[in-house]
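Below: the structure, in structure tokens.
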Amino acid sequence: MTENEHGRSGLEILKDILVAAQSGALKCHMVYHANSNFKHVKSYLDLALKRGLLRMQGGRFYTTPKGSEFVARFIELQILLYGQEAEELEHKGEVAPVG
């Protein structure tokens with residue numbers, strides 16, 4: 001996964017999608033939350049479904065326990081790289097820059 005046009009990594013976009021789907025989300029909600037477009041989000045949804053990070057039920061996407069673990073580890077890595085600043089940004093719904 002490479003950086004997109006907003007300078008965010010694919011892993012960061014995937015994390016945003018998984019966070020949006022924690023309580024169940026439609027695709028349009030995940031596109032908005034990931035600050036991306038339908039084409040990009042579709043590729044990440046396909047990957048997340050294939051890898052067991054997301055599941056679909058009743059037209060909504062839900063983060064699986066494996067997906068929640070991915071989010072937790074992503075945040076841990078950001079804190080390791082950027083310290084307390086990353087944790088504070090995460091609580092505000094923002095993410096520290098990756099790179």
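Enter the per residue convex hull volume of the stretch 10-71, computed from alpha-carbon coordinates, in Å³ rounded to the nearest integer. Walk me through the numbers before you get to the answer.
Working: hull volume 4.1 nm³, N = 62.
Hull volume normalised by residue count: 66 Å³.
Sort Ser9, Ser23 so that the residue with the fewest other Cβ atoms within 10 Å of its own Cβ comes first and the one with the most comes last. Working shown, then result.
Working: Ser9 17, Ser23 9.
So the residues, fewest neighbours to most, are Ser23, Ser9.
Dipole of the stretch 1-82 (Lys/Arg Cβ +1, Asp/Glu Cβ -1, origin at the Cα centre): which of Gly58, Ile13, Tyr32 lies farthest to the positive side?
Looking along the dipole axis, the top candidate is Gly58.
Work out from phi, with θ = phi - 60° and the Karplus expression 6.51 cos²θ - 1.76 cosθ + 1.60, the ³J(HN,Hα) of each residue of the stretch 32-37, listed in order in whole Hz, and give x for Gly and Pro.
Couplings: 5, 5, 7, 6, 9, 10 Hz.
For a quick check of your reading of the filter: which trypsin sites (Lys or Arg not before Pro) in the stretch 1-82 sit in a DSSP loop and have no more than 14 other Cβ atoms within 10 Å? Can you show the working numbers first?
Values: sites: Arg8, Lys15, Lys27, Lys39, Lys42, Lys50, Arg51, Arg55, Arg60, Lys66, Arg73; in loops: Arg8, Arg51.
Sites meeting the loop and neighbour criteria: Arg51.
With a point put 7 Å past each Cα toward its Cβ, work out how far Lys42 is from Leu11 in nm, to one decimal.
Those two pseudo-labels are separated by 2.7 nm.
Going by C-beta contacts inside 10 Å, put Ser43, Ser36 in order with the fewest on the left.
Details: Ser43 14, Ser36 21.
In increasing order of surrounding Cβ atoms, one gets Ser43, Ser36.
All of the numbers you see were taken from the coordinates with simple rules; none came from a lab. Predicted model only: the values in this text are computed from it and were never measured. Using ideal geometry, Cβ is built from the backbone for each residue, glycine included, and neighbour counts are taken over all protein chains shown.
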